[in-house]
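Below is one structure, written out as structure tokens; comments come after it.
The values are calculated or read from the model by the stated rules, or taken from the named source; none is laboratory data. Because the structure is a prediction, the values reported are computed rather than measured. Using ideal geometry, Cβ is built from the backbone for each residue, glycine included, and neighbour counts are taken over all protein chains shown.
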């Protein structure tokens, strides 16, 4: 058994990491996005980069009101009148 990254009953639980890893495996590694066998580590790395970009900019997240995390973050900072600008990677 792998211990949690935090202590019992604190907010540093690894549930979020486990959930994202589960999505990653279900949606990319073993899922419908996979077009055939992985031929190399580089193939997995490049596909992972694409999946992370999609996950953050296009995938709808129910917990965030069915919007992508990048859109949620932009709305959060816009509503708080923060003078800091978000950096977007094209």
Item to complete: Could you identify the single residue in 43, 83 that is surrounded by 10 or more Cβ atoms within 10 Å (Cβ to Cβ) and either modelled with pLDDT under 90 or assigned to a helix (DSSP H, G or I) (or both)?
Response: 43
Worksheet item: From the residues in region 48-77 that are touching a helix residue (DSSP H, G or I) at 6+ places or on another chain (Cβ under 6 Å) and part of a helix (DSSP H, G or I), which one is surrounded by the most Cβ atoms within 10 Å (Cβ to Cβ)?
Response: 51
